[in-house]
Amino acid sequence: MPGVEEIKNNLISKLRYSLCLDLKDATHADIFNALALTIRDFQLDSFFATKHYQKEAKSKRLYYLSMEFLLGQSLRNNLMNLGLYPAAHQALNELGFDFEDITAEEPDAALGNGGLGRLAACFIDSMATLDIAASGHGIKYEYGLFKQSIQHGRQVEQPDDWHSTHSPWLIDHHSQLMLIPIGGHIEESEDIDGNYNPMWMDWRVIVGVPHDYFVTGYGGKTVNKLRLYSAAASDSFDVHIFNRGDYLRAVSQKIASENISKILYPADEIQSGKELRLTQEYFLVACTLRDIFQEFTDKSDDITALPDAVAIQLNDTHPALAIVEMMRILVDEHRLDWDAAWDITQKTCAFTNHTLMPEALETWPVTLFEKLLPRHLQIIYEINHRFLADVAEKWPDRPELLASLSLFEERGEKKIRMAHLAIVGSHKVNGVAKLHSELIKQDLVPNFYFISPEKFTNQTNGVTPRRWIQQANTQLATFLTRQLGAGWVTDLDKLQRLKKLANDSGVVEEIQSIKLHNKQALCRLIASRQGIKVDPLAMFDSQVKRIHEYKRQLLNVLHVIHLYLGIVESGNTLIQPKVHLFSGKAAPGYAMAKLIIQLINEVARTVNNDPRTKGQLSVLFLEDYKVSLAEHIIPATDLSEQISTAGTEASGTSNMKFSMNGALTIGTMDGANIEIRDAVGAENFYLFGATAAEINTHRATGSHNQIYHSNPVIRETVDALVSGRFNLDKSLFQPIYRMLTEGDHYCHLLDFDSYRLAQHQVLTDFSQPQQWHQKALLNIAGMGSFSSDRTIKGYASEIWGITC
Ligand SMILES: *Cc1c(COP(=O)(O)O)cnc(C)c1O
């Protein structure tokens, strides 16, 4: 294990020989880069050792394919997992730098939108920690998720330059270029034996360049990699246009190729349908499968043994083309017969579904597909043909099954249903929380469940305690280690032992003072970023996540309006002072979500500038939500808002992060909230709202749109939106008003009263600090099973056939 001197010497040497800088001239950013390069060398030593032992052990390999990896910062996480945190801290101090100043220089790697991408990041941490031979595969976007600023109350998007070209964590492998064909057409032909042998002709080539980011498991034994591909143009291809003298066309082709990895699509839970997006998905899949086949054929020449050596996990349908690309490689390149190829593919692939909402389900027009991937389209037709023939044979009396199961949507423009492709090509299909997995079977694809019930399973999401407790909440981590020993970091079930301390008032007071410490730190951050002073003794109520109608930030802000009207119109006083924190980004094209951001900001301005609310109520919208900001907000929160319309949030993961950091939840019967409530105890969770089944009934009858007329408290609150109180332009929030009163799919007003009562109970309870923090302790104590280590063990044993 390297000591302080070694880190110092290596850092100075990196400054000098890799960055060409003298210590005395180095900025904080330079020191960050030099320290990161120093740490990466230690990771690399373990990486080679890992490669060696995984090869000796002939470990089955897991490939995790995801269009998003929301990594955030890496320095502190790597230092902790390698066990170098104290030494690096001291090394920086001895060189005259403050550790916090240096770590704050690291830009977040925001290669994801929200929960789905952050899940992938937690999973690669857990796979390395559990010593699984695994790699993540994604795209090295030049621009990650946009940076958000708020100007005049509105979201403004700016490009996110996360220094992708010179990140100290990435190693480029320009010697391992991959050639990916795209476009062209099919010529029907036969091989010498007279077998059908279609030829994919006149494609152009995209070049894939792999970049490796190293993932250190806790304890530093296993270092796996996350491989991110960037796209480049092929020189040889350009030459042929160059030779025709068409210089400008050659250059524009080159730019078109490079554009493939230029930018992350910022629409979360909404499908974009853009050609470039389909190209990105194919690009990821094609590069990854070249790596998989290369690594496998290096070890074995029996391709039929592939499923014994390899497992592929598809994070949502975005990489579902892996199924088709695998068939193409096996049939066209390895010359396997169809049935053998299909058997290998199905046994290797597994699919995680992340959504129940129709607007998020991926489909692609056949015409677009044919233009980009003519051979893949042929293969999908063949898969569908054989699949439907099989269904027709097994259920001859159920002809209606065929249209509902088909990989093609025939109504309107003909489209490929990516979820159907993913289900048919996989041996397992999982949801991400118990409720979600049930709804997949009952509502989303009931006919698939009918024909293949054995495929469907659940793996409830989890989050890594290394980042979300140990790194984000160092005081809580120290407390846990003192109470439980250091083992909790990799065995989070140990948290259960805290239960017996719940009646120890000294322990409960300690939980309270840890929370206060974190709140004070957040207050400093808020003061420095937004210039607003907030009282750390107030209750901190946070809703931080993507802005989406289904997540119902609008319900939260309506309740804030209700409290505000109570103070200014009825002269009420809140039992306890409250700070409402909001943070999150809206997809740039999602008008309603952007209007909700504007409403929150206008309400915040009005409430905060009104002297009558002083010392009682304040509202803050924190700009540019991202992982590093989440790490500050979550440990400082008293109340976690998890208030999605029941049946819409597949799992949620911020609900887990909050609860394991001692926030109490106000939440609906949705996603993993249900399991969290069971785990921490119903008396330590504020449940409200309609169940998924009730929501369905209300939607069917339209009754939720009548509530405005029958409930005066609700009417007063909703009318305030168009009263000019929050913006002189009374028509500004009219679209929200109309949505709530006329056609609200997310049933905000239906749950309003129940939410208001639960909020009232929260405030009453918060005025009893001893009881409140006892509940907080019991939340922490109950959260052991929401470690992503538990989730990954479930995938490994039930889906991948990997023991750990
Ligand atoms: C955990 C996390 C999310 C997911 O939050 P949900 O409330 O589960 O949607 C999104 N963004 C960031 C930065 C996160 O850390």
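State whether one or more residues within segment 364-379 are touching a residue at least 60 places away in the same chain (Cβ under 8 Å) and in a strand (DSSP E or B). The answer is yes, given that some residue of segment 364-379 is touching a residue at least 60 places away in the same chain (Cβ under 8 Å) and in a strand (DSSP E or B). In segment 513-553, of all residues being assigned to a helix (DSSP H, G or I) and in contact with a Phe, Trp or Tyr (Cβ under 8 Å, 6 or more places away or on another chain), the one that is nearest to ARG482 (Cα to Cα) corresponds to ILE514.
Determine whether GLU549 is within 14 Å of the ligand (Cβ to nearest atom), more than 24 Å from ILE526 (Cβ to Cβ) and at pLDDT 95 or above. Here the answer is yes, as GLU549 does meet what is asked. Scanning segment 734-752 for residues that are touching a residue at least 24 places away in the same chain (Cβ under 8 Å) and either more than 30 Å from the chain's Cα centre (by Cα) or in a helix (DSSP H, G or I) (or both) returns PRO735, ILE736, MET739, LEU740, THR741, GLU742, HIS748, LEU749, LEU750, ASP751, PHE752. Give the residues of segment 589-625 that are among the charged types (D, E, K, R) and without any contact (Cβ under 8 Å) to a residue 12 or more places away in the chain, sorted by residue number. Across segment 589-625, the qualifying residue is only LYS614. For the condition under 17 Å from TYR64 (Cβ atoms) and among the basic types (Lys, Arg), LYS775 does not qualify. Only one of the numbered conditions (1) polar (S, T, N, Q); (2) within 16 Å of the ligand (Cβ to nearest atom); (3) touching a helix residue (DSSP H, G or I) at 6+ places or on another chain (Cβ under 9 Å); (4) over 30 Å from LYS58 (Cβ atoms) is not met by SER167, and that is (2). Every condition in (1) part of a loop (DSSP other than H, G, I, E, B); (2) over 30 Å from THR490 (Cα atoms) is met by GLN155 except one, and the failing one is (1). Could you list, ordered by first residue, the pairs with Cβ atoms under 9 Å in which the first is in segment 385-406 and more than 17 Å from LEU421 (Cβ to Cβ) and free of Cβ contacts under 8 Å to residues at least 12 places away in the same chain and the second is of a type in the set (A, V, I, L, M, F, W, C) and in a helix (DSSP H, G or I), at least 6 apart or interchain? Once the first residue is more than 17 Å from LEU421 (Cβ to Cβ) and free of Cβ contacts under 8 Å to residues at least 12 places away in the same chain and sits in segment 385-406, its partners that are of a type in the set (A, V, I, L, M, F, W, C) and in a helix (DSSP H, G or I) give ALA392/LEU401; ALA392/LEU402; ARG398/VAL391; ARG398/ALA392; ARG398/PHE450; PRO399/ALA392.
Scan segment 44-56 and give yes if some residue there is more than 16 Å from the ligand (Cβ to nearest atom), assigned to a loop (DSSP other than H, G, I, E, B) and of a type in the set (A, V, I, L, M), otherwise no.
So in segment 44-56, the residues more than 16 Å from the ligand (Cβ to nearest atom) come out as 44-56.
Narrowing the set further to residues that are assigned to a loop (DSSP other than H, G, I, E, B) leaves none.
No: zero hits.
Mind checking which residues of segment 179-204 are under 19 Å from GLN294 (Cα atoms) and surrounded by 18 or more Cβ atoms within 10 Å (Cβ to Cβ)?
Here is the first cut: in segment 179-204, the residues under 19 Å from GLN294 (Cα atoms) are 179-181.
If the condition is that a residue be under 19 Å from GLN294 (Cα atoms) and surrounded by 18 or more Cβ atoms within 10 Å (Cβ to Cβ), then ILE180 is the only one that fits.
When segment 158-180 is limited to residues that are assigned to a loop (DSSP other than H, G, I, E, B) and of a type outside the set (Ser, Thr, Tyr), the one that is modelled with the lowest pLDDT turns out to be HIS163. Apart from one condition, ASN684 fits all of (1) within 16 Å of the ligand (Cβ to nearest atom); (2) in contact with a strand residue (DSSP E or B) (Cβ under 7 Å, 6 or more places away or on another chain); (3) more than 30 Å from HIS152 (Cβ to Cβ); the exception is (1). Cβ separations smaller than 7 Å between residues 6+ apart or across chains give the following pairs from segment 452-471 residues that are under 18 Å from GLU675 (Cα atoms) and within 12 Å of the ligand (Cβ to nearest atom) to residues that are modelled with pLDDT of 95 or more and aliphatic (A, V, I, L, M): ASN461/LEU119; ASN461/VAL432; ASN461/ALA433; ASN461/ALA672; GLY462/MET656; VAL463/MET656.
So which residues in segment 512-555 are under 30 Å from ALA646 (Cα atoms) and acidic (Asp, Glu), if there are any at all? Listed by number, the residues that qualify are ASP541, GLU549. Within segment 459-490, the residues that satisfy the criterion of being within 21 Å of ALA121 (Cβ to Cβ) and not in a helix (DSSP H, G or I) are GLN459, THR460, ASN461, GLY462, VAL463, THR464, ALA472, ASN473, THR490. Contact map, segment 83-103: residues that are of a type in the set (Val, Ile, Thr) paired with residues that are outside any helix (DSSP H, G or I), Cβ distance under 9 Å, separation 6+ or inter-chain. Pairs shown: THR103/GLN73. Candidates are the residues of segment 78-112 that are under 30 Å from ALA433 (Cα atoms) and surrounded by fewer than 23 Cβ atoms within 10 Å (Cβ to Cβ); the one that is farthest from the ligand (Cβ to nearest atom) is MET80.
Condition first: within 19 Å of ILE666 (Cα to Cα) and either among the polar types (S, T, N, Q) or more than 13 Å from the ligand (Cβ to nearest atom) (or both). Now tell me which residues in segment 621-638 satisfy that. So that I can check it myself, show each step before the final result.
Applying the first criterion (within 19 Å of ILE666 (Cα to Cα)) to segment 621-638 yields 630, 633-638.
Those that are within 19 Å of ILE666 (Cα to Cα) and either among the polar types (S, T, N, Q) or more than 13 Å from the ligand (Cβ to nearest atom) (or both): ALA636, THR637, ASP638.
Answer yes or no as to whether PHE283 is modelled with pLDDT under 90 and either over 24 Å from LEU71 (Cβ atoms) or not small (Gly, Ala, Ser) (or both).
Values: modelled with pLDDT under 90: no; either over 24 Å from LEU71 (Cβ atoms) or not small (Gly, Ala, Ser) (or both): yes.
Criteria not met by PHE283.
Would it be correct to say that LEU501 is under 17 Å from GLN770 (Cα atoms) and within 30 Å of the chain's Cα centre (by Cα)? Don't jump to the end; show me each part of the working.
Values: under 17 Å from GLN770 (Cα atoms): yes; within 30 Å of the chain's Cα centre (by Cα): no.
No; evaluated as a whole, the condition is false for this residue.
Just a yes or no: is a residue in segment 655-664 surrounded by fewer than 24 Cβ atoms within 10 Å (Cβ to Cβ) and either within 14 Å of the ligand (Cβ to nearest atom) or among the β-branched types (Val, Ile, Thr) (or both)? Steps first, please.
So in segment 655-664, the residues surrounded by fewer than 24 Cβ atoms within 10 Å (Cβ to Cβ) come out as none.
No.
Summed over segment 430-443, residues that are surrounded by 16 or more Cβ atoms within 10 Å (Cβ to Cβ) and either farther than 25 Å from SER785 by Cβ or in contact with a strand residue (DSSP E or B) (Cβ under 6 Å, 6 or more places away or on another chain) (or both) total 6.
A quick yes/no check of all residues on (1) in a loop (DSSP other than H, G, I, E, B); (2) in contact with a strand residue (DSSP E or B) (Cβ under 6 Å, 6 or more places away or on another chain); (3) under 30 Å from ARG154 (Cα atoms):
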| position | (1), (2), (3) |
| --- | --- |
| HIS698 | no, no, no |
| TYR708 | no, no, yes |
| LEU728 | yes, no, yes |
| GLN759 | no, no, yes |
| GLN770 | no, no, no |
| SER797 | no, no, no |
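Of all residue pairs spaced 6 or more apart or on separate chains, those with beta-carbon atoms under 7 Å, a first member in segment 13-34 that is surrounded by fewer than 20 Cβ atoms within 10 Å (Cβ to Cβ) and a second member that is assigned to a loop (DSSP other than H, G, I, E, B) and among the acidic types (Asp, Glu) are HIS28/GLU105; ALA29/GLU105. Could you go through segment 583-596 and let me know if any residue there is away from the ligand (no atom under 16 Å from the Cβ), assigned to a helix (DSSP H, G or I), over 30 Å from ILE674 (Cβ atoms) and more than 26 Å from the chain's Cα centre (by Cα). Within segment 583-596, not a single residue is away from the ligand (no atom under 16 Å from the Cβ), assigned to a helix (DSSP H, G or I), over 30 Å from ILE674 (Cβ atoms) and more than 26 Å from the chain's Cα centre (by Cα). Note on segment 113-131: residues that are within 8 Å of the chain's Cα centre (by Cα) and away from the ligand (no atom under 11 Å from the Cβ) total 1.
The values are calculated or read from the model by the stated rules, or taken from the named source; none is laboratory data. All values reported here derive from a predicted model rather than from experimental measurement. Cβ sites come from the backbone with ideal geometry, for glycine too, and all protein chains shown count toward neighbours.
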